[in-house]
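Participant: Encoded as structure tokens, here's the structure I'll be asking about.
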Amino acid sequence: MSFKEDNLIQTKTFDFALRIIKFYTQCKSQNEFILSKQILRCGTSIGANVEEAIAAQSKKDFISKLSIANREARETKYWLRLYQSSNLVQIEIDSYLKEIESIINILTKIIKTSSENL
């Protein structure tokens, strides 16, 4: 399936991945190289797993892929909270936390609804 602008979670996770890439670049410019690799990995894999879910072979496969995306989103939230509490970098974290919370909520709702319709 091709990229569709009307697929909310696909658009949100793609845009968030772009923001995470910029976040990673900002971290590197502030000489923070350890946690930034973790957040780059999980923050960009959310959208990759959403893409895989869109091409799922079954409803169970769809739910499984979105569940992986949801776990990656929760891990991303964890790393963002660590950044916020540790003050490792001088980057405003609140907007990232707000966005990842929105993504988690949407993914959770899709998974729940899809599971109920199995």
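The values are calculated or read from the model by the stated rules, or taken from the named source; none is laboratory data. Predicted model only: the values in this text are computed from it and were never measured. All Cβ positions, glycine included, derive from the backbone under ideal geometry; neighbour counts span all protein chains shown. Keep in mind that these areas ignore ligands, DNA and RNA; they rest on the heavy atoms of the full protein, side chains included. Shrake-Rupley method; radii C 1.70, N 1.55, O 1.52, S 1.80 Å.
Participant: Take the solvent-accessible surface of the protein heavy atoms, probe 1.4 Å, and return the percent of it on the chain that carbon and sulfur atoms account for. Display every interim value, and only then the final one.
Facilitator: Details: 3670 of 6930 Å².
Exposed carbon and sulfur together represent 53 percent of the surface.
Participant: Assuming 1.567 mPa s and 4 °C, estimate D for the chain with Stokes-Einstein, Rh taken as the Kirkwood radius over Cα pairs, in µm²/s.
Facilitator: Numbers: Rh = 14.6 Å.
Rounded, D is 89 µm²/s.
Participant: Most mobile of LEU97, LEU107, LEU82 per a Gaussian network model of the chain (Cα springs, under 10 Å)?
Facilitator: Highest fluctuation of the listed residues: LEU82.
Participant: Pick out, in residue order, every one of the chymotrypsin sites (Phe, Trp or Tyr not before Pro) in the range 1-87 that is DSSP loop and has at most 10 other C-beta atoms within 10 Å; say none if there are none. Could you put the intermediate results ahead of the total?
Facilitator: Working: sites: PHE3, PHE14, PHE16, PHE23, TYR24, PHE33, PHE62, TYR78, TRP79, TYR83; in loops: PHE3, PHE33.
Of the chymotrypsin sites (Phe, Trp or Tyr not before Pro), the ones in loops of the range 1-87 whose Cβ has at most 10 other Cβ atoms within 10 Å are PHE3, PHE33.
Participant: Here's something else I'd like to know. With a probe of 1.4 Å, find how much accessible area the range 59-115 has per residue, and write the answer as a whole number in Å². Intermediate values should be presented prior to the final figure.
Facilitator: On the way: 3180 Å² over 57 residues.
Accessible area per residue, the range 59-115: 56 Å².
Participant: For SER86 and ARG74 in one chain, what is 0.36 nm times their gap in residues minus the Cα-Cα distance, to one decimal in nm?
Facilitator: Working: separation 12, 0.36 × 12 = 4.32 nm, distance 1.83 nm.
Result for the pair: 2.5 nm of gain on full extension.
Participant: Which residue, SER85, SER36, SER102, tops the fluctuation ranking in a GNM of the chain built on C-alpha contacts under 10 Å?
Facilitator: Highest fluctuation of the listed residues: SER85.
Participant: Of the options GLY47, GLN57, ALA73, report the single residue whose Cα projects farthest towards the positive end of the charge dipole of the range 41-99 (beta-carbon charges: Lys, Arg +1; Asp, Glu -1).
Facilitator: Farthest towards the positive end: GLN57.
Participant: Taking K and R as +1 and D and E as -1, what net charge do the other residues with C-beta under 11 Å from the C-beta of GLN84 add up to? Working shown, then result.
Facilitator: Numbers: positive: LYS77, ARG81; negative: GLU92, ASP94.
Once positives and negatives cancel, what remains is 0.
Participant: Also, I was wondering about something else. Once you put a point 7 Å from the Cα of GLN30 and another 7 Å from the Cα of THR113, both along the Cβ direction, what distance in nm separates them?
Facilitator: Distance between the two pseudo-spin positions: 3.7 nm.
Participant: For a quick check, take a GNM of the chain with Cα springs below 10 Å and name the residue from ILE39, ILE100, ILE91 with the largest mean-square fluctuation.
Facilitator: For the chain, modelled as a Gaussian network with Cα springs under 10 Å, the answer is ILE91.
Participant: Identify all lysines with a Cα-Cα distance to LYS109 below 25 Å; exclude those on the same chain that are fewer than 8 residues away in sequence.
Facilitator: List returned: LYS4, LYS12, LYS59, LYS60, LYS65, LYS77, LYS98.
Participant: Just grab the label-to-label distance for ILE93 and LYS22, each label 7 Å out from Cα along the Cβ direction, in nm (one decimal).
Facilitator: Label-label distance for ILE93 and LYS22, simple model: 1.9 nm.
Participant: In addition: Given an 8 Å cut-off on Cα distances and at least 6 residues of separation, report the relative contact order of the chain as a percent. If you can, show how the numbers build up before the last one.
Facilitator: On the way: 120 pairs, mean separation 31.3, N = 118.
Once normalised by length, the contact order is 27 percent.
Participant: Kindly write out, for the range 36-47 in residue order, the coupling ³J(HN,Hα) from the Karplus curve 6.51 cos²θ - 1.76 cosθ + 1.60 (θ = phi - 60°), rounded to whole Hz, with x marking Gly and Pro.
Facilitator: 4, 5, 5, 5, 5, 4, 6, x, 8, 6, 4, x
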